[in-house]
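Heads up, the thing below is written out as structure tokens.
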Amino acid sequence: MSTIRLVLRMVAAKNLYLEQLDVKTAFLHGDLEEDLYMIQPEGFIVQGQENLVCKLRKSLYDLKQGLRQWYKKFDSFMHRIGYKRCEVDHCCYVKSFDNSYIILLLYVDDMLIAGSGIEKINNRKKQLSKQFAMKDLGTEKQILNMRIIRDKANGTLKLS
């Protein structure tokens, strides 16, 4: 929570751009590291093979390891594209460019991207959308069920 507040303070103080994304079906992006099997789901039972089970290849909602596997995949992707993970808050990523930077916050499937250049942010959103199913929510509205109220003219930003 303190990282969100810190980044939002920077956004207000430096008049940064702030965009919001939602990762669609985040838990389903994770790759499993161990073999997991489940009974055939209702409606998908193969006649004559009712006693067989299904081997999972991807994570599912409600699996204990679902969130962890999603985060590991996202973290690996962010490192591959040159972002550094904050040591204090592993949900915060930063990348510097020649005369600009981007800060990305990820909390489960909610994402905020702050930066000094909208082009870099839009490029990052495209890159993320190619890798993961995303919904572009545009300019900031909320994070973790808290509304973000911004008054650019007065340089203020509030959470409610």
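Look through Leu112, Leu128, Leu137 and report the one residue that is within 15 Å of Val11 (Cβ to Cβ), outside any loop (DSSP other than H, G, I, E, B) and in contact with a Leu (Cβ under 8 Å, 6 or more places away or on another chain).
Leu112
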Next on the checklist: If I filter the range 47-65 down to residues being at pLDDT below 80 and more than 23 Å from Asn145 (Cβ to Cβ), which single residue comes out as surrounded by the most Cβ atoms within 10 Å (Cβ to Cβ)?
Outcome noted: Ser59
Checklist entry - Counting just the residues of the range 113-160 that are of a type in the set (Asp, Glu) and within 15 Å of the chain's Cα centre (by Cα), which one comes out surrounded by the fewest Cβ atoms within 10 Å (Cβ to Cβ)? => result Asp136
Checklist entry - Hey, Val53 hits all of (1) without any contact (Cβ under 8 Å) to a residue 24 or more places away in the chain; (2) farther than 30 Å from Ile39 by Cα; (3) aliphatic (A, V, I, L, M) but one; which does it fall short on? => result (2)
Checklist outcome for this item: Of the listed residues (Met38, Met1), the one being at pLDDT below 90, exposed (fewer than 15 other Cβ atoms within 10 Å of the Cβ) and closer than 30 Å to Lys158 by Cβ is Met1
Checklist outcome for this item: Filtering the range 59-103 for residues that are more than 14 Å from the chain's Cα centre (by Cα) and among the hydroxyl-bearing types (Ser, Thr, Tyr) leaves a count of 5
Checklist entry - Does Ile39 count as of a type in the set (Val, Ile, Thr) and closer than 14 Å to Leu128 by Cβ? => result no
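Residue by residue, here is whether (1) part of a loop (DSSP other than H, G, I, E, B); (2) in contact (Cβ under 8 Å) with a residue 12 or more places away in the chain; (3) not charged (D, E, K, R) holds:
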site	(1), (2), (3)
Val11	no, yes, yes
Glu33	yes, yes, no
Met38	no, yes, yes
Phe44	yes, no, yes
Gly48	yes, no, yes
Gln69	no, yes, yes
Met78	no, yes, yes
Glu87	yes, no, no
Val94	no, no, yes
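Residues in the range 147-160 that are assigned to a strand (DSSP E or B) and touching a residue at least 24 places away in the same chain (Cβ under 8 Å): how many?
5
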Item to check | Residue match in the range 23-35 (condition: at pLDDT 85 or above and surrounded by 14 or more Cβ atoms within 10 Å (Cβ to Cβ)) | outcome: yes
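The values are calculated or read from the model by the stated rules, or taken from the named source; none is laboratory data. This is a predicted model, so every value here is computed, not measured. Every residue, glycine among them, receives a Cβ derived from its backbone with ideal geometry; neighbour counts consider all protein chains shown.
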